[in-house]
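Asks: Take a look at the following structure, please.
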Amino acid sequence: MEVKIHPSWKKHLTGEFEKPYFAKLAASVKQAYQNEVVYPQPKYIFRAFDLCPFEKVKVVILGQDPYHGPRQANGLCFAVREGIPFPPSLQNIFKEIEKEYGPLKNRSGDLSRWAVQGVLLLNATLTVKAGLAGSHQNKGWEEFTDAAIKALAQERERVVFILWGNYARQKGAHIDRGKHLVLESAHPSPLAAHHGFFGNGHFKKANEYLVLHGKKPIDWL
């Protein structure tokens with residue numbers, strides 16, 4: 001199967017596309033799009049990779065699966081399409097940025113402005129059935145996104161990995177802390193944000209690390 005993904009990622013993940021699990025995953029996802037409402041739109045499935053080439057990744061933020069409401073998911077974790085009200089987790093992410101840096105200049109929830117600066121906004125699962133959170137988990141997406149994280153962790157240096165919540169922490173458990181910066185805290189969801197997300201300072205810490213290693217910081221505003 002021909003996978004339409006940025007060439008830089010295709011080069012590093014080519015082995016995954018040839019594995020039996022990926023063929024099974026691709027067939028399952030294709031059938032789901034044909035028979036039910038699935039998010040995001042097919043053209044957005046690999047958007048996180050397409051906007052942030054392998055060599056340009058400075059920061060990785062890990063999410064779990066796409067939003068399952070109408071017109072929300074846009075292929076970037078925690079982000080929503082233009083004109084869509086911000087979900088609670090995104091509201092809390094913006095609140096934390098404003099605590100660290102002051103008022104946002106850009107209040108778009110699309111977040112592609114971060115992606116093009118080198119922030120890989122990666123969900124563990126890249127598709128979801130409408131109205132049913134987690135519906136496409138355990139189909140093979142997690143194995144694919146694990147391979148992407150492993151490739152970055154092994155083949156790049158001085159990348160910031162931001163892991164919010166237990167799920168993201170587990171997914172990033174094998175990242176070499178001596179080679180990269182790993183930032184962990186509670187999840188920005190309303191249930192957890194007041195138990196360690198607010199005040200984590202992750203956006204400033206990420207930028208301080210990038211500057212320390214001669215990289216241009218991210219404009220989070």
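The values are calculated or read from the model by the stated rules, or taken from the named source; none is laboratory data. Fair warning: this is a prediction, and the values are worked out from it, not measured in the lab. Glycine gets a Cβ as well: all are built from the backbone with ideal geometry, and neighbour counts include every protein chain shown. These area figures cover heavy atoms from the full protein model, side chains too; ligands, DNA and RNA do not enter into them. Shrake-Rupley method; radii C 1.70, N 1.55, O 1.52, S 1.80 Å.
Asks: Helix-derived [θ] at 222 nm for the chain: sum -39500 (n - 2.57) over DSSP H runs of at least 4, divide by residue count, nearest 500? Could you put the intermediate results ahead of the total?
Replies: Working: 8 runs with 83 residues, N = 221.
So the helix-based figure for the chain works out to -11000 deg cm²/dmol.
Asks: Express as a percent, rounded to the nearest 5, the fraction of DSSP beta bridges in segment 33-136 (both residues included) that run antiparallel. Could you put the intermediate results ahead of the total?
Replies: On the way: 3 of 8 bridges.
If we restrict to bridges inside segment 33-136, about 40 percent are antiparallel.
Asks: Still on this structure, I have one more. Which residue, 105, 179, 204, has the most motion in a Gaussian network model of the chain that connects Cα atoms within less than 10 Å?
Replies: Highest fluctuation of the listed residues: 105.
Asks: Next question. Report, to the nearest whole %, how much of the accessible area of segment 96-221 belongs to carbon and sulfur atoms, 1.4 Å probe, protein only.
Replies: So the carbon and sulfur contribution to the accessible surface is 51 percent.
Asks: What lysines could a cross-link reach from residue 204, if we take a straight Cα to Cα line under 27 Å and drop same-chain neighbours fewer than 8 places away?
Replies: Reachable lysines: 56, 58, 95, 99, 105, 150, 171, 179, 215, 216.
Asks: May I pose another question? For segment 161-221, what are the per-bin percents of Cα-Cα distances with bins 5 Å wide, up to the bin holding the maximum?
Replies: All Cα pairs, binned at 5 Å, distribute as 4, 18, 23, 23, 19, 10, 2, 0 percent.
Asks: If you don't mind, there's one more thing I want to ask. Quick check on the chain: what are the equivalent-ellipsoid semi-axes from the Cα gyration tensor, as sqrt(5λ), descending, whole Å? Numbers along the way, then the final one.
Replies: Working: eigenvalues 138, 90, 48 Å².
The equivalent ellipsoid of the chain has semi-axes of 26, 21, 15 Å.
Asks: Separate question: Hey, got a sec? Which GluC sites (Glu not before Pro) in segment 150-215 land in a DSSP loop and have at most 11 other Cβ atoms within 10 Å?
Replies: Working: sites: 155, 157, 184, 208; in loops: 157.
Sites meeting the loop and neighbour criteria: 157.
Asks: Right, here's the next one. Mind listing the Cα extents of segment 91-176 along all three principal axes, in Å, largest one first?
Replies: Here the Cα extents, ordered largest to smallest, are 40, 38, 24 Å.
Asks: Counting only heavy atoms of the protein chains, get the accessible area per residue of segment 107-164 (1.4 Å probe) and round it to a whole Å² value. Working shown, then result.
Replies: Working: 1930 Å² over 58 residues.
Result: 33 Å² per residue.
Asks: When the chain is treated as a GNM, springs tying every alpha-carbon pair under 10 Å, which of 158, 107, 47 comes out with the largest mean-square fluctuation?
Replies: Maximum among the listed residues: 107.
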